[in-house]
Amino acid sequence: MDGYTATKYIKAQGGNTIILALTANVCQDDRNIVLNAGCDDLYTKPFDEQTIFDALSKYLEVRYIYAEKPSVNLDIEKVLTTEDFAFMPPKWLQELYNACMVGDFDLLGQLIKEIPSTASSFTKSLEKLTDEFQSETIIKIIQPLIDNRPPQ
């Protein structure tokens, strides 16, 4: 049973089940097919966690109460820049980019393990972005390196 069939089956059972579709790529025709199958909304990758929280809030009418952030951060993270990634091989950068585009956080973790131990501050900052599901942030940072790579 594919997702469309499962959606139609669930919706046919009655009730108010909310179904949100997640996909890597979508064109307008695909969006119409997904919504016509009965999905209540469609989200495309990459997406950040706030997008999912907003969808849950919208469709399930849940509200979130966030803890206050501590005023002093004893473990200050380095803010990563494009230049921070420049020492990594182009193939690694492309794999990182691809993993971020599809939201493959397991692969991101594997790629981080390939970073030389001499770059511990860089590694720690990238791990933090990965732990917080910030693939869009990573994409924005490394995009200039991906766009300016020589043809393969």
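Would you mention how many residues in segment 80-123 are among the acidic types (Asp, Glu) and on the phi > 0 side of the Ramachandran plot? Selection size over segment 80-123: 0. Pairing residues of segment 66-86 that are more than 15 Å from LEU96 (Cα to Cα) and open to solvent by 60 Å² or more (accessible area, probe 1.4 Å) with residues that are of a type outside the set (D, E, K, R) and modelled with pLDDT of 65 or more, at Cβ distances under 9 Å and at least 6 apart in sequence or on separate chains, gives LYS78/SER121; LYS78/PHE122; LYS78/SER125; VAL79/SER125.
What are the residues in segment 34-64 that are assigned to a strand (DSSP E or B) and either in contact with a Gly (Cβ under 7 Å, 6 or more places away or on another chain) or at pLDDT below 85 (or both), if any? The one that is assigned to a strand (DSSP E or B) and either in contact with a Gly (Cβ under 7 Å, 6 or more places away or on another chain) or at pLDDT below 85 (or both): THR44.
In segment 1-60, of all residues being more than 30 Å from GLU132 (Cβ to Cβ) and of a type in the set (Phe, Trp, Tyr), the one that is most open to solvent (accessible area, probe 1.4 Å) corresponds to TYR9.
One residue stands out among those in segment 132-149 that are part of a loop (DSSP other than H, G, I, E, B) and in contact (Cβ under 8 Å) with a residue 24 or more places away in the chain: the one that is least open to solvent (accessible area, probe 1.4 Å), which is GLN134.
For segment 1-33, taking the residues that are under 23 Å from ILE52 (Cβ atoms) and of a type in the set (D, E, K, R), the one that is modelled with the lowest pLDDT is identified as ASP30. Do we have any residue at all in segment 90-112 that's at pLDDT below 95, of a type outside the set (D, E, K, R) and loosely packed, with under 11 Cβ neighbours inside 10 Å? No: zero hits.
The values are calculated or read from the model by the stated rules, or taken from the named source; none is laboratory data. Given the structure is predicted, the values throughout are model-derived calculations rather than measurements. Note that each Cβ is placed from the backbone with ideal geometry, even for glycine, and that neighbours are counted across all protein chains shown. Protein only, heavy atoms only, side chains kept; ligands, DNA and RNA dropped before computing areas. Shrake-Rupley method; radii C 1.70, N 1.55, O 1.52, S 1.80 Å.
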